[in-house]
Amino acid sequence: QVQLMESGGGLVQPGGPLRLPCAASGSLFSVNVMAWYRQAPGKQRELVAAISTNGYTNYTDTVKGEFTISRGNGKNTVYLQMNSLRPEDTAVYCCNMVVVGGSVYWGQGTQVTVSS
């Protein structure tokens, strides 16, 4: 069983940075991709960024150049560094893991609010 735990959310002023860690526990030997999704009020959930086991990254167009996804040394932690945050980045951010075989796991999410 895999569990994902996000942290680091909160209130940040426009233009400010925030770093979201996601720690995974359980059977991690078959991790394929780890990712961050977000869902804003009244909107569909969208992929923000993803990183594969070989380090390949993918970002949604609206965050390219400002957000960076990375994995910890032990491969069981993924980070989302968010810079130059805008009010439209306000959302619940959820960590996601896909393992070999196709099983998908989700964290419960952490709220990010960008407001002055």
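Checked across segment 66-73, the condition of being exposed (fewer than 13 other Cβ atoms within 10 Å of the Cβ), closer than 23 Å to GLN3 by Cβ and either at pLDDT below 95 or not charged (D, E, K, R) (or both) holds for at least one residue. Residues of segment 11-48 that are over 14 Å from the mean Cα position of the chain (by Cα), within 19 Å of VAL92 (Cβ to Cβ) and part of a strand (DSSP E or B): LEU11, VAL12. In summary, SER52 fulfils each of the numbered conditions (1) surrounded by 13 or more Cβ atoms within 10 Å (Cβ to Cβ); (2) among the small types (Gly, Ala, Ser); (3) farther than 11 Å from CYS94 by Cα; (4) in contact (Cβ under 8 Å) with a residue 40 or more places away in the chain with the single exception of condition (4). Can VAL112 be described as among the β-branched types (Val, Ile, Thr), in contact (Cβ under 8 Å) with a residue 12 or more places away in the chain and touching a Gly at 6+ places or on another chain (Cβ under 6 Å)? Yes, satisfied. Is at least one residue of segment 10-25 closer than 18 Å to TRP106 by Cβ and surrounded by fewer than 13 Cβ atoms within 10 Å (Cβ to Cβ)? The answer is yes; a qualifying residue exists.
The values are calculated or read from the model by the stated rules, or taken from the named source; none is laboratory data. For clarity, every value in this text was computed on a predicted model and none was experimentally measured. In this analysis, Cβ positions are derived from the backbone assuming ideal geometry, glycine residues included, and neighbour counts consider all displayed protein chains.
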